[in-house]
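> Attaching a single structure in structure tokens format; questions to follow.
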Amino acid sequence: MSAIYRVRRATTADVGGIARTKHAVWSDEVVDQSFVAYAVSDPHHATLVVVGPHSIVGFVDGFVTLSHSNVARWEVDLLAVDPRHRRRGLGERLVRACTEAGRSMGASVARALVRFDNAPSQRLFARCGYRPEEGACCLFVSSEIESARKDVRTRQSIHVVPVRTLNYRG
């Protein structure tokens, strides 16, 4: 049945479909289509969609960041599959394609932040070769990059990375 679904790179014409899918998955979140449009057109991002018979039914976004030691990392940032199209292997196809996109962009490490209570997503990433790190991580978001850097300089375990994602900028 998954033959009717095709994974491809997103274009600016897909912004509305990505926004609809995002709303279908997280109905309580506001979708800022300008954030989606930026990611789709940014050469450091790979926004991929899975297209069903009539529309976009899933997406994933990934982008390159640099570690504190200047190593290129691939961040699988956001993955969504419309609930009506789940259990067809679409999330796995998206994650694998996104990971490969990161490899082709020169990243030597790929990672994803998954909520500690999101067991289905954890299993999906494990099937795609990702493994959990010990301990919990926290994601802090600030639009004030310079003040954030000053606030965390004394904490060696924190590395500030400026990003622009489908959900936030900072």
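> What are the residue pairs meeting all of these: first residue in the range 112-131, first residue closer than 20 Å to residue 63 by Cα, second residue among the hydrophobic types (A, V, I, L, M, F, W, C) and surrounded by fewer than 13 Cβ atoms within 10 Å (Cβ to Cβ), Cβ atoms under 8 Å, and 6 or more apart or on different chains?
Note: pairs meeting the criteria are 113/137; 113/139.
> Related question: Here is a list: 96, 103. Which entry is in contact with a strand residue (DSSP E or B) (Cβ under 8 Å, 6 or more places away or on another chain), among the basic types (Lys, Arg) and not in a loop (DSSP other than H, G, I, E, B)? First the steps, then the outcome.
Numbers: 96 fails: in contact with a strand residue (DSSP E or B) (Cβ under 8 Å, 6 or more places away or on another chain).
Of 96, 103, the one residue that is in contact with a strand residue (DSSP E or B) (Cβ under 8 Å, 6 or more places away or on another chain), among the basic types (Lys, Arg) and not in a loop (DSSP other than H, G, I, E, B) is 103.
> Another question, then. Residue 83 versus (1) open to solvent by less than 20 Å² (accessible area, probe 1.4 Å); (2) more than 14 Å from residue 8 (Cα to Cα): which is the lone unmet condition?
So residue 83 meets the others, but not (1).
> Among residues belonging to the range 1-40 that are more than 17 Å from the chain's Cα centre (by Cα) and closer than 13 Å to residue 81 by Cβ, point out the one that is surrounded by the most Cβ atoms within 10 Å (Cβ to Cβ).
Only one residue tops the list, namely 5.
> Let me ask something else about it. Would you check if there is a residue in the range 65-72 being over 29 Å from residue 133 (Cβ atoms), in contact with a strand residue (DSSP E or B) (Cβ under 7 Å, 6 or more places away or on another chain) and not in a helix (DSSP H, G or I)?
So in the range 65-72, the residues over 29 Å from residue 133 (Cβ atoms) come out as none.
No.
> If we keep just the residues of the range 41-54 that are within 14 Å of the chain's Cα centre (by Cα) and modelled with pLDDT under 95, which is least open to solvent (accessible area, probe 1.4 Å)?
45
> Given (1) touching a Lys or Arg at 6+ places or on another chain (Cβ under 8 Å); (2) outside any loop (DSSP other than H, G, I, E, B); (3) at pLDDT below 95, where does residue 151 come up short, assuming only one miss?
Of the numbered conditions (1) touching a Lys or Arg at 6+ places or on another chain (Cβ under 8 Å); (2) outside any loop (DSSP other than H, G, I, E, B); (3) at pLDDT below 95, the odd one out for residue 151 is (1).
> Hey, another quick one. Give the range 101-122 a look and list any residue that's surrounded by 11 or more Cβ atoms within 10 Å (Cβ to Cβ) and among the basic types (Lys, Arg), or say none.
The answer is 103, 111.
The values are calculated or read from the model by the stated rules, or taken from the named source; none is laboratory data. On a predicted model such as this, the values are computed, not experimentally measured, just so you know. Please note: Cβ atoms are built from the backbone with ideal geometry, for glycine as well, and neighbour counts cover all protein chains shown. With ligands, DNA and RNA removed, areas are computed over all heavy atoms of the protein, side chains included. Shrake-Rupley method; radii C 1.70, N 1.55, O 1.52, S 1.80 Å.
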